[in-house]
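The values are calculated or read from the model by the stated rules, or taken from the named source; none is laboratory data. All values reported here derive from a predicted model rather than from experimental measurement. FYI the Cβ positions are ideal-geometry reconstructions off the backbone, even for glycines, and counts take in every protein chain you see. Please note that ligands, DNA and RNA were not included when accessible areas were found on the heavy atoms of the full protein model with its side chains. Shrake-Rupley method; radii C 1.70, N 1.55, O 1.52, S 1.80 Å.
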Amino acid sequence: KVDPETNLNPKYTLEAFIVGSSNELAHAAISAIIDDVGRKYNPLFIYGGVGLGKTHLIQAAGNAIKKKYNNAIRVKYVPSETYVRDIVWAIKNQRIEDIKNRYRDVDVLIIDDIQFIGGKTKTEEEFFHTFNALHENNKQIIISSDRPPRSIPTLEERLRSRFEGGMIVDISYPDYETRLAIIKTKLQEQAASLEDRIIDLVARKVQRNIREIEGILNKIIFYQEIKNV
């Protein structure tokens, strides 16, 4: 169940995140931030293709920070589409101060899929000021995107410059061993089992999207259950 205060989903944990060569730098940066919030790698900008675990990792960071500091550090996670909607609502209803308070009165702001604010002038302007307000007070900012800042063509130059002033790491496609570990972990989570040859086949065939691996596993497990009914 998503926490209404932080927007974090408790199912995303670092313990459930499989670390491999494709994501170890991003994982290391997140681990360093958890130990020293606001002072290490700020902002942290993580980019990579769809379904590679960015959302899992950044939400896991939020959950780990909450747990480690017994909720003394205020965390807020927001998908950028939600942020855009909030800004539009605030402008329409003349409530921009409410939105400023909502996103600036935190110690850690985690924003997912930042590429969606590109080209939305009012949203970019408000995020720029929020970014500065947080950064100047050593509040941690964690951002995810499907591409690096320089490759978001519609992004304002001053925002791009802010993002590039921090730590930029990528998550790439997982190698075979990492995909195998992910499959075995997912099966364990669901208390399910598959023959080794099927696990190997899935790991070899699905190379670019962890979410797709999950979908295929769910389908196989579903068919297995139907067959055994």
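Ranking I183, Y83, I141 by Cα position along the charge dipole of the chain, where only Lys, Arg, Asp and Glu carry charges on their C-beta atoms, puts Y83 farthest toward the positive end. Full extension of the chain between R74 and K1 yields a length gain of 24.4 nm, computed as 0.36 nm times the residue separation minus the alpha carbon distance.
Inter-label distance, R85 to L201: 4.0 nm, where each label sits 7 Å from its Cα along the C-beta direction.
Per residue, the convex hull spanned by the Cα atoms of segment 20-101 measures out at 112 cubic angstrom. Residues in segment 72-179 average 48 Å² of solvent-accessible surface per residue, probe 1.4 Å, ligands and nucleic acids excluded. Share of carbon and sulfur in the accessible area of the chain stands at 48%, probe radius 1.4 Å. Using alpha carbons only, how many degrees (0 to 90, rounded to 10) separate the axis of helix 196-205 from the longest principal axis of the chain? Rounded to the nearest ten degrees, it is 40. Once the Cβ-Cβ distance of K184 and Q94 is raised to the sixth power relative to R0 = 35 Å, the FRET efficiency obtained is 0.05.
Figure legend: label point modelled 7 angstrom from the Cα of R211 along Cα→Cβ; residues of segment 39-60 with amide N under 18 Å from it are 46-60. Here are labelled values, (1) 9, 26, 27, 22, 12, 4, 0; (2) 7, 31, 32, 19, 9, 2, 0; (3) 7, 31, 35, 17, 7, 3, 0, and one is the computed P(r) over Cα pairs in 10 Å bins from 0, in percent for what I pasted. Which one? Among (1) 9, 26, 27, 22, 12, 4, 0; (2) 7, 31, 32, 19, 9, 2, 0; (3) 7, 31, 35, 17, 7, 3, 0, the one calculated here is (2). Which distance in Å, rounded to a whole number, links the C-alpha centroids of segment 181-220 and segment 44-108? Cα centres, segment 181-220 to segment 44-108: 30 Å. For the chain, the Cβ-based charge dipole about the Cα centre amounts to some 260 debye (Lys, Arg positive; Asp, Glu negative; other atoms uncharged).
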